[in-house]
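As structure tokens, the structure follows; a few thoughts come after it.
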Amino acid sequence: MSAAPAPPPRRRLSKDERARQLLEVSWKLVSEEGSDALTLGRLAEEAGISKPVVYDHFGTRNGLLAALYQDFDARQTAIIDDAIAASKPTLKDKAGVIAARYVACVSAQGREIAGVLAALDGSPELAAVKRQYQYAFIEKCRRLFAPFAGPQGIATASLWAMLGAADALSNAAVAGEIPEAQARDELFRTILDMVKRNK
């Protein structure tokens, strides 16, 4: 009787594939147990790999949290950019896209992103990463709404106020304090009011 054939060797993941796997496992951990449970050692255990591999990818827990935020922001940016490109060239359409997609992206990530953001705020290094992406979003909105504003464009203070409202409304929807549709509609009106004040 011949021996059973040996199973084929498992293909080694590329560095990018491994990073993607580790981010997905991290999101799952944060979703199930909260951001406090997310350590590099625990991530290695859940991913079934050695700790040095995880440390090689992220260096520190702060590096991992920054990578999670970057992952969230990249997906959010792609969704919003695609929706902007497909929308009609009117203020209401552009404002509707920003309001709907911003709230939907935060809601889709759920409580996980809130935990990551809380951890980001606890470290100056990570807060700087968050601030970099906030600036990028503000500049995107400045360019998007400039054709509908006055010759001075949209004031920076107004854009920060809009972003604050977007975060607060999205987080309230995630927490179940208000319906997602109400968060979206309120943000839509906030954007319209912002542009109107800057004419």
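The values are calculated or read from the model by the stated rules, or taken from the named source; none is laboratory data. These figures come from a predicted structure and were not determined experimentally. Here the Cβ is made from the backbone with ideal geometry for all residues, glycine too, and neighbour counts use every protein chain on show. Quick note on the areas: whole protein, heavy atoms, side chains included, nothing else; ligands and nucleic acids left out. Shrake-Rupley method; radii C 1.70, N 1.55, O 1.52, S 1.80 Å.
Before moving on, here are some points about what is shown:
- Positive-end ranking of Thr90, Ser26, Leu117 along the dipole of the chain, with charges on Cβ about the Cα centre, is headed by Thr90.
- Charges were assigned to the Cβ only: +1 to each Lys and Arg, -1 to each Asp and Glu. The resulting dipole of the chain about its Cα centre is roughly 680 debye.
- Carbon + sulfur, % of accessible area of the chain - ligands and nucleic acids excluded, 1.4 Å: 54
- Once the C-beta distance of Arg75 and Arg197 is scaled by a Förster radius of 35 Å, the resulting FRET efficiency is 0.65 to the nearest 0.05.
- Rounded to whole Hz, the Karplus (6.51, -1.76, 1.60) HN-Hα couplings of segment 148-153, x for glycine and proline: 9, 9, x, x, 7, x
- Residues Ala146 and Glu24, FRET efficiency given R0 of 35 Å [Cβ-Cβ distance, rounded to 0.05]: 0.40
- On Cα atoms only, tilt of 91-109 relative to the major axis of the chain in degrees: 30
- Number of Lys-Lys pairs in the chain with C-alpha atoms under 23 Å apart and a separation of 8 or more places or on different chains: 16.
- Segment 4-142, accessible area per residue, ligands and nucleic acids excluded (1.4 Å, Å²): 54
- Rounded tilt (10° steps) of 111-121 against the dominant C-alpha axis of the chain: 80
- Under Karplus coefficients 6.51, -1.76 and 1.60, residue-wise ³J(HN,Hα) of segment 46-52 in Hz, glycine/proline x: 5, 7, x, 10, 7, 4, x
- Treating r as the C-beta distance of Arg42 and Ala108 and R0 as 41 Å, the FRET efficiency rounds to 0.95.
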